[in-house]
Amino acid sequence: MGAVQDAEFKRLMAEHGGLLVRFAASFERDRHARQDLVQDIMLAVWQALPAFRGESSLKTYVIGVAHRRCASHVMRAVAQPQHEELNEDWADEQPGPETLAGLNQQQQRLLGALRQLPVGQRQLVLLALEGMRYEEIADLLGISVNNVGVRLNRAKAALKERLEER
C-alpha cells in the first residue's frame, strides 16, 4: 500500500476501529485471543481494501470483512479442544467511577447473553446494533429484507429471554 492508502487505512481504523473491537468481543471471551482476533480483522481489512469497488458503503465492506474473519475464527475454535477458563474476570483494567462500573456490568451482561445466541442470530443482532439498515444486512448475508426482519425479531426475543435469565 502506498502512503495515500496507508492514510486511508488509518482514517478507516480511527472511524471504525471500535466496531471491529465490538465484533471481536462478541465472538471471543478470552482477552488475549480477542486482541489477536482484532489484529487479525484489521489485517484482513488492510489486505481487502484494494479490492473495494464502492458497490456498498465502506462501513458495510469493513463489516463484511470482519464478519467473515469472525466466522472463520469460530470455525477454527470449534475444531479445537475446548478449555475452560479458571477466571471470568471481565472487569475493566482501568479504575473508573461507579457509573462506569455499572455500565461495564451491563455491557458484560449483554455480551454474555449475546454469546449464548446461535451464530446466525448473533450476527443479525450485531449488525443491527452497528446501525446497519435491513437492506445492508440482507445484502451482506444473502437473504431477503423481510427475512432480516423476521430473523432479527426472533433474535431480539431470544436475547431478551437470555438477559432476563441473568
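Where a number appears in this text, it was derived from the coordinates with a stated rule and is not lab data. Just so it is clear, the model here is predicted, and its values are computed rather than measured. Note that we place each Cβ from the backbone using ideal geometry, even for glycine, and neighbour counts take in every protein chain shown.
Per-residue packing, averaged as other Cβ atoms within 10 Å, sorts the ranges 51-62, 25-36 into the order 25-36, 51-62, beginning with the highest. Between VAL119 and ASN147, the simple spin-label model (points 7 angstrom out along Cα→Cβ) gives 1.7 nm. According to the Kirkwood relation over distinct C-alpha pairs, the hydrodynamic radius of segment 97-166 is 12.8 Å. Residue ranges 12-18, 123-129, 136-142 sort as 123-129, 136-142, 12-18 when ordered by packing (mean number of other C-beta atoms within 10 Å per residue, highest first).
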